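For reference, the structure is listed below as structure tokens.
The values are calculated or read from the model by the stated rules, or taken from the named source; none is laboratory data. Quantities reported herein were computed from a predicted structural model and do not represent experimental measurements. FYI the Cβ positions are ideal-geometry reconstructions off the backbone, even for glycines, and counts take in every protein chain you see.
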2 protein chains.
Amino acid sequence: MTNDTFKLDKCPMTRTMAILGSKWKPVIIYTLSKRHLRFGQLAAQMPLISRKVLTDQLKELEEDNILLREAYNELPPRVEYSLTAKGLALLPILQQMCEWNKQFEGHVGACEAR
Amino acid sequence: MTNDTFKLDKCPMTRTMAILGSKWKPVIIYTLSKRHLRFGQLAAQMPLISRKVLTDQLKELEEDNILLREAYNELPPRVEYSLTAKGLALLPILQQMCEWNKQFEGHVGACEAR
DNA sequence: CTGTATCCTGTTAGATACTG
DNA sequence: CAGTATCTAACAGGATACAG
């Protein structure tokens with residue numbers, strides 16, 4: 001679903017899904033909503049995602065202007081990720097997804113379940 | 001993203017995305033929101049989806065109780081699809097996806113753009 | 001009319017080892 | 001610390017032909 005061609009689709013839903021519709025992106029966005037995080041902190045909060053995939057997803061989200069990547073030329077290097085306004089505006093949608101799931105599939109966990 | 005294992009994920013967002021996150025499902029749900037439709041009518045309104053994929057997606061949505069499939073034993077056969085309450089409850093989320101896209105990526109088309 | 005069956009391709013994401 | 005590089009498996013989606 002993250003294929004770039006879908007971002008050119010005529011349907012706004014399809015275009016949004018092209019940005020949001022991969023396994024980890026909603027979780028990454030939600031995790032970054034609470035505070036700016038460094039790469040390692042993000043990885044620590046999502047132990048099930050491999051570092052390669054996390055890197056890939058972060059790069060795509062940056063290209064879509066969902067998040068901001070700030071690299072500091074220090075040793076050891078430090079990179080901070082944070083949501084842009086465009087990314088912050090996705091949070092109500094993610095919130096509704098949580099609520100829909102809890103309403104129709106029982107209260108298995110909270111949105112913080114990661 | 002439609003893998004069944006994701007539906008067992010602890011995160012409610014991931015579980016919702018496992019149901020909603022494929023190329024055509026949002027469009028199918030939106031198309032069915034206006035009225036009950038037969039298989040051929042659905043296919044006609046979404047000329048870009050192949051019949052095999054449409055069948056697959058409808059089957060999955062039925063298994064997830066998003067839509068209702070009613071088959072009439074006539075000749076020629078007739079099958080009608082409609083949204084369940086659970087499926088109808090997804091519409092506000094899809095609506096928000098449309099609005100988010102239009103707000104941040106310009107007004108390329110309406111939700112009806114299919 | 002409403003699908004199945006079969007085959008095929010590109011993409012996603014995971015494992016593992018390595019780098020500035 | 002924050003990634004790259006490489007390889008691989010699984011999956012989603014599409015083309016085409018056929019069936020009840």
Would you mind stating whether A:Thr84 is more than 26 Å from B:Val27 (Cβ to Cβ), in contact (Cβ under 8 Å) with a residue 12 or more places away in the chain and within 11 Å of another protein chain (Cβ to nearest Cβ)? yes
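This table checks each residue for (1) in contact with a Cys (Cβ under 9 Å, 6 or more places away or on another chain); (2) of a type in the set (S, T, N, Q); (3) more than 8 Å from chain B (Cβ to nearest Cβ).
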position: A:His36; (1), (2), (3): no, no, yes
position: A:Gln41; (1), (2), (3): no, yes, yes
position: A:Leu58; (1), (2), (3): no, no, yes
position: A:Pro92; (1), (2), (3): no, no, no
position: A:Cys98; (1), (2), (3): yes, no, no
Enumerate the pairs (first residue in region A:37-55 and in contact (Cβ under 8 Å) with a residue 12 or more places away in the chain; second residue anywhere and part of a helix (DSSP H, G or I) and within 9 Å of DNA strand D (Cβ to nearest atom)) with beta-carbon separation below 6 Å, excluding pairs fewer than 6 apart on the same chain, so at least 6 apart or on different chains. A:Leu54/A:Ala43
Region B:64-114, residues that are polar (S, T, N, Q), more than 13 Å from A:Met13 (Cα to Cα) and at pLDDT 95 or above: B:Asn65, B:Ser82, B:Thr84
Identify all residues within region B:49-98 that are touching an Asp or Glu at 6+ places or on another chain (Cβ under 7 Å) and under 22 Å from A:Thr16 (Cα atoms); write none if there are none. none
Considering region A:49-61 alone, what residues qualify as being in contact with a Lys or Arg (Cβ under 9 Å, 6 or more places away or on another chain) and more than 7 Å from DNA strand C (Cβ to nearest atom)? A:Leu58, A:Lys59, A:Glu60, A:Leu61
